[in-house]
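Q: The structure that follows is given in the form of structure tokens.
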Amino acid sequence: MGIKAGLPRYELYLYIAVLAGALAWAASWIVEASSENVSRKAFKGSVKPGWYYFGRKMDVADFEWVMWFSTFRNHILFALSGHVIFAKIFTLLAPKIGIDGCKHRSLVFCAYGVLAVLVTMGWTFTALVLSHCTVLYGVAVFKTKWMCFAAGLATLASIKLEPYNSWQEKLVTGSFDLQDVLFYGGCGFTIMRCMSFALENCEKKEGNYTFCDLLKYNFYLPFFFFGPVMTFDKYHAQANNTKLTRKEREMWNITTKAVLHLAVILTVDAAFHYLYILTIPGDMKLVSRLSDWCLAGLAYFNLVYDWLKAAVMFGVINTVATLDHLDPPQPPKCITMLYVFAETHFDRGINDWLCKYVYDYIGGDHDKILKELLATMSTFAITALWLGPCELVYIWSFFNCFGLNFELWVAKFFSISPFSTMEVCMGEAMSRRIRGLFNAANFWAIVLYNVLSLNSLEFAKLVGRRLIFKGFPLSTISVLLVTYCGVQLIKEHERRQALLEDEQPVKPLDGGKEKAE
């Protein structure tokens with residue numbers, strides 16, 4: 001209720017001012033903590049020389065970000081550029097030698113992918129990946145879903161649990177900085193793709209997809225090591241589409257996104273010189289002395305940064321996939337735009353995979369409490385295996401599973417009388433305000449449940465104690481009010497999008513009067 005309910009213009013302006021001021025205030029605390037403690041012994045390992053002329057050191061605590069823009073930067077640019085050039089050369093030469101380039105482009109992608117994997121990781125790793133494909137293809141031909149799931153999860157467990165993962169990793173010849181990352185990325189995403197292939201083969205009414213179809217799907221290089229996972233039915237349809245056309249202004253949009261990704265990279269790099277958001281949470285002695293606002297800012301900015309990292313990584317890969325006339329899974333939704341657990345994910349490809357084959361398959365319309373509980377438990381059980389079983393992953397899975405179910409329980413509770421009657425009587429605008437209060441609390445539950453996987457359980461517990469218990473009532477209420485302002489601005493954005501889809505004018509209400517939609 002109230003998705004198209006508008007709020008007065010000046011009320012929205014107030015929300016913008018409060019939110020901007022609060023973010024600036026929290027950031028100032030973090031800048032101060034970063035500058036005053038830059039010489040701490042605990043910072044030496046993760047704060048390195050940065051902008052010499054500005055006298056600023058840089059936070060390099062995140063291994064993935066440093067890897068992407070130092071060790072891996074040249075490799076990925078070389079490999080992805082080679083993919084694009086190789087495909088373009090084939091497209092130009094194919095008509096001259098009597099080959100339908102559109103018809104065989106997926107095979108060309110596969111050939112380049114196999115060659116790149118072979119050169120990068122060696123023949124033993126390539127043979128290991130092929131063995132995973134062979135085993136799961138052998139199970140797929142029986143067209144029994146439970147067998148496909150059992151074989152796929154067992155294979156996934158073999159690279160996530162000891163001693164099987166160590167044994168397989170030792171098969172990879174050579175030694176270089178990225179070997180571990182590429183090994184687990186390549187094997188993990190291969191297994192998820194093979195499971196998608198097997199499950200889609202179960203749905204095929206006549207015959208089976210070929211082993212070559214699986215190889216073409218799995219060895220598409222842009223997705224091979226780092227994802228995203230694109231389900232087999234979508235990839236097969238798009239890669240074998242012979243009518244290749246560009247959408248209006250598509251190349252302009254691709255260029256714009258590339259420039260945007262570069263701007264985000266530069267922004268994050270600049271922020272790391274002033275906001276040591278990754279290093280500070282690792283020093284619990286320092287963290288315990290920081291203000292409540294500084295802690296809230298650290299928790300929030302950590303999740304925003306994690307989204308930015310995922311958006312850049314998937315954005316670069318998706319740009320190449322779009323050039324290949326594919327429509328890949330989009331980057332995740334920013335944490336700033338989230339106030340419900342149902343949309344909380346940092347890998348939209350894995351999320352789409354889980355929703356299609358597990359969550360939606362078991363949960364149906366997600367309206368039944370017991371079916372929803374079974375669906376979420378199954379989903380997070382597979383997610384825990386995918387992430388690598390450990391205590392922190394178990395805790396993260398439990399709380400996010402609980403949050404997803406708790407949303408349904410609350411919705412069910414307030415849908416009964418007299419609450420439903422009261423909501424109808426109060427009107428859509430007031431309903432939106434009251435729902436915003438609940439959403440603000442939900443937002444911080446999402447932050448606390450997910451920040452423990454990015455930093456540590458101790459940091460998440462400290463932030464929770466300070467904001468909920470020790471900081472009550474001043475810090476608790478002020479943080480929730482600021483979050484409420486943010487939630488209402490998100491709802492306003494969603495309202496405008498909904499009205500645009502309905503081709504209706506978008507105007508906030510003035511004077512507190514409701515406007516007929």
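The values are calculated or read from the model by the stated rules, or taken from the named source; none is laboratory data. Note that the coordinates shown come from a computational prediction; the quantities given were computed from them, not determined experimentally. Here Cβ is always computed from backbone atoms with ideal geometry, including for glycine, and neighbour counts include all displayed protein chains. Remember, those area values only see protein heavy atoms, side chains included, never the ligands or the DNA or RNA. Shrake-Rupley method; radii C 1.70, N 1.55, O 1.52, S 1.80 Å.
Q: Carbon and sulfur atoms: what percent of the 1.4 Å accessible area of region 11-71 do they account for?
A: 66 percent
Q: Continuing with the same structure: Using a 1.4 Å probe over the heavy atoms of the protein chains, calculate the carbon and sulfur portion of the accessible area of region 390-500 as a whole percent. Can you show the working numbers first?
A: Values: 4090 of 5550 Å².
Carbon and sulfur atoms account for 74 percent of the accessible area of region 390-500.
Q: Once you put a point 7 Å from the Cα of E250 and another 7 Å from the Cα of M67, both along the Cβ direction, what distance in nm separates them?
A: 3.3 nm
Q: Using 16 Å as the cut-off for backbone N distance, which residues of region 267-292 belong to the label zone defined by a point 7 Å from the Cα of K41 along Cα→Cβ?
A: Those under the cut-off are 283-286.
Q: Say the cut-off is 20 Å between C-alpha atoms; which of K103/K205; K41/K285; K371/K412; K234/K309 go over it? Don't skip to the end; give the middle numbers.
A: Working: K103/K205 23 Å; K41/K285 12 Å; K371/K412 14 Å; K234/K309 25 Å.
Too far apart for the 20 Å limit: K103/K205; K234/K309.
Q: I need to check one value: relative contact order of the chain, counting alpha carbon pairs closer than 8 Å and at least 6 residues apart, in percent.
A: 24 percent
Q: A further question follows. Treating the beta-carbon of each Lys and Arg as +1 and of each Asp and Glu as -1, no other charges, what is the dipole magnitude of region 7-88 about its Cα centre, to the nearest 20 debye?
A: Computed charge dipole of region 7-88: roughly 340 debye.
Q: Helix 369-387 against the longest principal axis of the chain: what's the angle in degrees, Cα atoms only, rounded to the nearest 10?
A: Roughly 60 degrees, rounded to the nearest 10.
Q: Can you compute the modelled spin-label distance between F54 and V410, with each label point 7 Å from Cα toward Cβ, in nm?
A: 3.9 nm
Q: Using only the alpha-carbon atoms, how far is helix 391-414 inclined from the longest principal axis of the chain? Give it as 0 to 90 degrees, nearest 10.
A: 60 degrees
Q: I've got another one for you. Which angle from 0 to 90°, rounded to the nearest 10, does the C-alpha axis of helix 250-271 make with the longest principal axis of the chain?
A: Tilt relative to the chain: about 60 degrees.
Q: Per residue, how much accessible area does the chain have with a 1.4 Å probe, in Å²?
A: On the way: 25950 Å² over 517 residues.
Per-residue accessible area for the chain comes out at 50 Å².
Q: Just the number, please: carbon plus sulfur as a percent of the accessible area of region 325-385, 1.4 Å probe, no ligands or DNA/RNA counted.
A: 64 percent
Q: Show that you can apply the helix-only estimate: for the chain, add -39,500 (n - 2.57) for every DSSP H stretch of four or more residues, divide by all residues, and state [θ] at 222 nm to the nearest 500.
A: Values: 22 runs with 338 residues, N = 517.
It comes out at -21500 deg cm²/dmol, rounded to the nearest 500.
Q: Counting only Cα, what are the radius of gyration and maximum Cα-Cα distance Dmax of region 1-94, in Å?
A: In Å, with Rg to one decimal and Dmax whole: 23.5, 63.
Q: Assuming R0 = 56 Å, can you tell me the calculated FRET efficiency for the pair S81 and M377, based on Cβ-Cβ distance, to the nearest 0.05?
A: Taking R0 as 56 Å, the efficiency between S81 and M377 is 0.80.
Q: Output the peptides 482-489, 71-78 sorted from most to least packed, where packing is the average of other Cβ atoms within 10 Å over each peptide's residues.
A: The densest-packed peptide leads the list: 482-489, 71-78.
Q: Sort all Cα-Cα distances of region 69-240 into consecutive 5 angstrom bins from zero, then give the percent of pairs in each bin up to the one containing the longest distance.
A: Cα pair-distance distribution for region 69-240, in percent: 1, 8, 17, 20, 19, 15, 11, 6, 2, 1, 0.
Q: Read through the labelled values (i) 26.0, 93; (ii) 22.8, 72; (iii) 24.9, 76 and report the label of the one computed as Rg and Dmax of the Cα atoms in Å from the structure.
A: Given (i) 26.0, 93; (ii) 22.8, 72; (iii) 24.9, 76, the structure-derived one carries the label (iii).
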